[in-house]
Amino acid sequence: MNRKFFALVGAGALAVSLAACGDDEPGGGNGGSGGEGGETGVPWTLGTTDTVTALDPAGSYDLGSSTLEYNLYQTLVTVPAKSNEIVGDAATECVYDDPQTLTCTLNEGLKFSNGNDLTSSDVKYSFERSIKVQDPNGAAIYLLGSITDTAEDGTVTLNPDAIETPDDTTVIFHLDQPDTTFQYVLTYPGAGAIVDEETFPADEKLADEDVVGSGPYKLSQYESGVQATLEANEEYTGENTALAPTVFIKYFSEASALKLAAEAGEVDVAWRSLSPTDIADLEGNDDVTVATGEGAEIRYWVWKVDSQVGKQAAVRQAAAQVFDREAIAENAYDGTVDPLYSIVPPGYAGQVDAFQEKYGEPDPEAAAQILEDAGIDTPVQLTVGWTPTHYGPATEDEANEVERQLEESGLFEVDLKSTEWEQYQTIYKEGAYDLFILGWFPDYPDADTYLSPFVVDGGFFQNGYKSEQANQLVEAEQGSEDPAAREEAFGQLQQLVAEDVPFIPSWVGKNIGVYGPGMEGVEDTLDPSFIFRFWLVSKSS
């Protein structure tokens, strides 16, 4: 084919909310300062309740971690703010030589913040070690399927000769099947961040405080759960030059404390996650600005399909039949989120409201019939899990609302349990719950990001769901360049999910940030990707 893969971006990208928002400004193609002009303004502080799993990209697959990683590391390609166009980052371009061969050419003179040269050898090493580390909380073993193989015991290995580096600036990926989404995967740091092979160990994670990247910022201080300090990287030569000399990230355990910090000017920006009540109060405060961007954040409830209870399809379908998203949106979130009837949010090409089509309005009588037809005695005993801090304070309200709905149907008895995130993300995989809540933010602007990580061989959450039909549909949409064919496969996948119910979608929300006086650029980065681009933000003195 010998064509630049950038042309493929429209195949499954956001058709509505992103397509009209492309950045047409001349100069810095990534929305930055074009590598010129240097720092402006003074240091500023971002406050958040998000938690960090790891700053080594081989060991993280969560928003709290990737927020820092997007700013500390480069990937070969990236997606600018409010756009669905893939552009170069560490690479000048990536070209599909044929449907299974992708060649990337690095920019000249790249360096890590420690002064070491960044070459194709570092790129290859980064992919090799992320697979070798094999961290279950990392993204690489779930997203790099086109260059890896998974054994029956779940061990993931890099395919032989999957990555070729003929010279210092050339990286060639040999895919084991045609995959139009591999281009998107390269933009996500959990799968595609480039690390220094002289600093990062080959088979274990590097300590958070020791990480080194080549992005617009470098890490100068880190205390888990307390604060991170990022300084402008003087070795950076890309398009996203930092505007502020220093950014402080302050971590809060409670949304109420974050709100007070925003009101007092202790933080310049509050981003993730304030409660609906906090947001309403702050909207009446003249000292701060509440900014709302388009969002594709979702919440959903996952079944442990290989548990004693969850393995029964009728149980999963009956719960889906009584699930009331309107009540969740109103009672738990004061109407600040919208009901979600597919794991793929509205605005993505190929999206269909499959759960609404399948189950209609909440109906306990119809749910009871599903269980009766399957010969299942009621009430069904369910252990339901949620995590109290990671997704914000309204998560408890949602968990209580789901418990109420299930029990008031008369069909279920719920044992509701909560665990903090660090332990939660381990024990839900081990079967601690029959049903548990998770959140998701898109890794890249394509409907595939809401499907392949969820339905292929148990998904990243390892819930035991196995469907040869789902695997085949994912393979079909990933391997096609025809937008209509991909949309058809997306629709069939969503209908299959509504029938099998390995998870139940709950709601989709906006991207909301609160900022104080003197701040510029905050609203420029509030888009459906949920990438907070520190380099776009500055504070006047």
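The values are calculated or read from the model by the stated rules, or taken from the named source; none is laboratory data. Every value quoted in this text rests on a predicted model; they were computed, and no experiment measured them. Cβ sites come from the backbone with ideal geometry, for glycine too, and all protein chains shown count toward neighbours. The accessibility values were calculated without ligands, DNA or RNA, using every heavy atom of the protein model including side chains. Shrake-Rupley method; radii C 1.70, N 1.55, O 1.52, S 1.80 Å.
Just the residues that are within 17 Å of the chain's Cα centre (by Cα) and either of a type in the set (A, V, I, L, M) or open to solvent by less than 30 Å² (accessible area, probe 1.4 Å) (or both), please, taken from the stretch 457-502.
Gly459, Phe460, Phe461
Answer yes or no as to whether Pro445 is of a type outside the set (D, E, K, R), surrounded by fewer than 19 Cβ atoms within 10 Å (Cβ to Cβ), modelled with pLDDT under 95 and outside any helix (DSSP H, G or I).
Here the answer is no, as Pro445 does not meet what is asked.
All but one of (1) part of a loop (DSSP other than H, G, I, E, B); (2) closer than 21 Å to Pro166 by Cα; (3) open to solvent by 20 Å² or more (accessible area, probe 1.4 Å) hold for Thr75, so report the exception by its number.
(3)
Looking at (1) farther than 30 Å from Ala368 by Cβ; (2) assigned to a loop (DSSP other than H, G, I, E, B); (3) open to solvent by less than 30 Å² (accessible area, probe 1.4 Å), can you tell me which one Ala262 breaks?
All conditions pass for Ala262, except number (2).
Give me the residue from the stretch 324-341 that is among the hydroxyl-bearing types (Ser, Thr, Tyr) and open to solvent by less than 40 Å² (accessible area, probe 1.4 Å) and, out of that set, farthest from Asp50 (Cα to Cα).
Ranking the candidates gives Tyr341 first.
Between residues in the stretch 206-219 that are more than 17 Å from Leu118 (Cβ to Cβ) and residues that are open to solvent by less than 40 Å² (accessible area, probe 1.4 Å), which pairs lie under 7 Å by C-beta distance while being six or more apart or on different chains?
Asp208/Ala54; Asp208/Leu55; Asp208/Tyr222; Glu209/Tyr222
Of these, Val267, Val302, Val315, which one is buried (at least 22 other Cβ atoms within 10 Å of the Cβ) and under 23 Å from Thr229 (Cβ atoms)?
Val267
Determine, yes or no, whether Tyr236 is of a type in the set (Ser, Thr, Tyr), under 26 Å from Thr75 (Cβ atoms) and outside any loop (DSSP other than H, G, I, E, B).
So Tyr236 fails the test.
If I ask for residues that are outside any loop (DSSP other than H, G, I, E, B) and over 24 Å from Asp397 (Cβ atoms), which ones from the stretch 306-330 would you list?
Once the filter is applied, which keeps residues that are outside any loop (DSSP other than H, G, I, E, B) and over 24 Å from Asp397 (Cβ atoms), the stretch 306-330 yields Ala313, Ala314, Val315, Gln317.
Would you mind stating whether Asp397 is surrounded by fewer than 23 Cβ atoms within 10 Å (Cβ to Cβ), modelled with pLDDT of 95 or more, assigned to a helix (DSSP H, G or I) and among the acidic types (Asp, Glu)?
Judged against the criteria, Asp397 is a match.
List every residue pair whose Cβ atoms sit under 7 Å apart, with the two residues 6 or more apart in sequence or on different chains, where the first one lies in the stretch 361-380 and is open to solvent by 60 Å² or more (accessible area, probe 1.4 Å) and the second, anywhere, is modelled with pLDDT under 95 and outside any helix (DSSP H, G or I).
none
For Gln321, all conditions in the list (1) buried (at least 22 other Cβ atoms within 10 Å of the Cβ); (2) touching a strand residue (DSSP E or B) at 6+ places or on another chain (Cβ under 8 Å) hold save one; what is the number of the exception?
Of the numbered conditions (1) buried (at least 22 other Cβ atoms within 10 Å of the Cβ); (2) touching a strand residue (DSSP E or B) at 6+ places or on another chain (Cβ under 8 Å), the odd one out for Gln321 is (2).
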